Amino acid sequence: MSLDAGGADNAPPCPRCGSEIDLNPEKIAAIAAEMPISPSLAADEGLYKERLAVCGGCEALKQAVLCAHCGCFVLFRARPKKSYCPHPKGDLWSDTASSKFQI
Ligand code: SF4
């Protein structure tokens, strides 16, 4: 599943709560880009993209935007520098190249 997948009308409801919210990845990415966060607390663009690439290959990614392990939108979860991946086997983001340079 890819985070680049285009949004689809008539998409299935949220797999966690059943709400018929709009899970269009492009719209959610646009909202996430406006997330109020201090630049000093935000992951840089490289780290953000690396995290989302990991999510894109993860079996826990649902409907291209939701993490099955925490229920959050990965586009938001990946934005803070000090965030982490909640996978039960361990933080799948910890081995991204950029993560080693973030303090
Ligand atoms: S478990 Fe980690 S890598 Fe997988 S979708 Fe959730 S945040 Fe992304």
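Values quoted throughout were computed directly from the atomic coordinates according to the rules given, and no laboratory measurement underlies them. This structure is a prediction, so every number in the text was calculated from the model and none was measured. Every residue, glycine as well, gets a Cβ built from its backbone with ideal geometry; the counts of neighbours run over all protein chains shown.
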Self-check item: Label-point separation in nm, Lys89 to Ala42, each point 7 Å along Cα→Cβ
Solution: 3.2 nm
Quiz item: Arranged by the count of other C-beta atoms within 10 angstrom, fewest first, what order do Asp91, Asp22 take?
Solution: Asp22, Asp91
Exercise. Could you run the Karplus curve 6.51 cos²θ - 1.76 cosθ + 1.60 with θ = phi - 60° over the range 74-84 and give me ³J(HN,Hα) per residue in whole Hz, x for Gly and Pro?
Key: 5, 5, 8, 4, 7, 6, x, 4, 8, 6, 8
Practice problem: Evaluate the relative contact order of the range 25-97 (contact order divided by residue number), counting alpha-carbon pairs under 8 angstrom at least 6 apart; express in whole percent. | Solution: 34 percent
Exercise. Could you name the lysines whose alpha carbon sits less than 18 Å from that of Lys27, not counting residues in the same chain fewer than 8 places away?
Key: Lys49, Lys62
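Which order do Val65, Val74 fall in if you start with the one that has the fewest other Cβ atoms within 10 Å?
Going from least to most buried by this count: Val65, Val74.
In debye, nearest 20, what is the charge dipole magnitude of the range 25-97 about its Cα centre with +1 on Lys and Arg Cβ and -1 on Asp and Glu Cβ, if you could check?
Dipole about the Cα centre, nearest 20: 180 debye.
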Quiz prompt | For the range 89-97, 3J(HN,Hα) per residue [Karplus equation, 6.51 cos²θ - 1.76 cosθ + 1.60, θ = phi - 60°, Hz, x = Gly/Pro] | solution = 8, x, 5, 6, 7, 5, 9, 5, 4
